[in-house]
Every structure is written in structure tokens, then in C-alpha cells.
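Shown next, in C-alpha cells, is the structure this report addresses.
Only the coordinates and a few stated rules stand behind these numbers; no lab work does. A quick note: this is a predicted structure, and the numbers were derived from the prediction, not measured. All Cβ positions, even for glycine, are placed from backbone atoms using ideal geometry, and neighbour counts span all protein chains on display.
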Amino acid sequence: MTDEGLDFSLVLKEAQAHGYAEADPTLDIEGMDSAHKLQILVALAFRTFIDLKHIHTEGITRVTAQDIEYARELGYRIKLLAIAKATAPDGAAGSGVEVRVHPTMIPAASPLAAVSGVFNGISLTGDAVGDLMFYGRGRADADRVRGAVGRRRGRPAHRTRHPSLPSSCRRSARPRCR
């Protein structure tokens, strides 16, 4: 929509034709798929459970071509973001997590603004690591998945090798890194 300036319904039909969107895309376009992913990420990052009903969720169906054009004129792009952030320092009284999913204007120069098509991005900030961004395909190509599974068959987990890890850290029944 943003890149070609096309109508939402045309972009959705094209995405469905290429297998990037489900036949019933409601979970994607209403932000619920992002809310489910956010729920998992919050559990991992903040070690807390957030019920889906407590995640403010707004989809992209109300974003118009005019909204996109206005954002572009101002130097922004509109992206559906799933946002989680601590509301107070760790251990502070009243600490919690703010969670929400909604279309957001982000600076066009931001790395997240460049994420499009079948790709997803995760941006996070950690005390020890600073700013990090992870980027990759949101939905794997079925042929690639079948190939990976085919290569994996018959190979016990304890024999899996990871070339960048020292031999003492490679997967085994009980991993030990020295």
C-alpha cells in the first residue's frame, strides 16, 4: 500500500494470491496476530503474562491512502507496531509493562520503516546491549520448510552441530559451555 500507493483491498488480494496473507486475513489486518506475538515476547522479555484482552489492539483497516500520503509528506511511514515497554525501573514500586498494537507513524529514516512485504522486524533496547534489531521473513516459503525438514530427518538432536560455537557449547543432552 505504502510503496505502490495502491488501495488496501488490491494489496490484500495480491498478498493472498502469493500466500502471504491467509484466506481470512482478519487476525493479520486487525492486529490480533501481532498481539499474540507481543504476548509471547512480553512473557520472554519481562517475565510476566499479559492476557490478550489487556492488550490495546487496533488494526490497519482504517488507515487510508490519504493517511499514508500525509505521513510521507511529513517524513514518516505508517507501520503496524506491537509495542511493549516497562512503565518503571526494574523492582520499582508500581512497575509494570505497557502493551499495545496499533498503526504508528515512524520516521522514514528508521530501520523499522524499511521493513515491508513478507518481512517482520523486532527492535529492542536492553541495558547491557543497547539498541538491537532483528529482521527476517514473517512467513516461511513452504518449499524451504520442506527442504529444511527433509535435511533434518534422521539426524538426532544430540548430534546437531553449530559451526560458530565451540565444541563444548554444541547441543547435547545437557549443554555445557566452558
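General observations
- On the beta carbon distance between D7 and I83, with R0 = 30 Å, the FRET formula returns roughly 0.65.
- Hz values of 3J(HN,Hα) by residue in the stretch 119-135 - Karplus curve (6.51, -1.76, 1.60), Gly and Pro given as x: 8, 10, x, 10, 10, 9, 10, x, 4, 7, 10, x, 8, 10, 9, 10, 9
- Ordering S9, S95, S34, S123 from the fewest to the most neighbouring beta carbons within 10 Å gives S9, S95, S123, S34.
- Where Rh is the Kirkwood radius over Cα pairs, Rg/Rh for the stretch 8-139: 0.98
- The C-alpha atoms of the stretch 73-127 occupy a region whose extents along the principal axes are 42, 23, 20 Å, arranged from largest to smallest.
- In loop segments of the stretch 1-85 as defined by DSSP, the chymotrypsin sites (Phe, Trp or Tyr not before Pro) with at most 11 further C-beta atoms inside 10 Å of their C-beta are F49.
- When D7, D33 are arranged by Cβ crowding within 10 Å, least crowded first, meaning fewest neighbours, the order is D7, D33.
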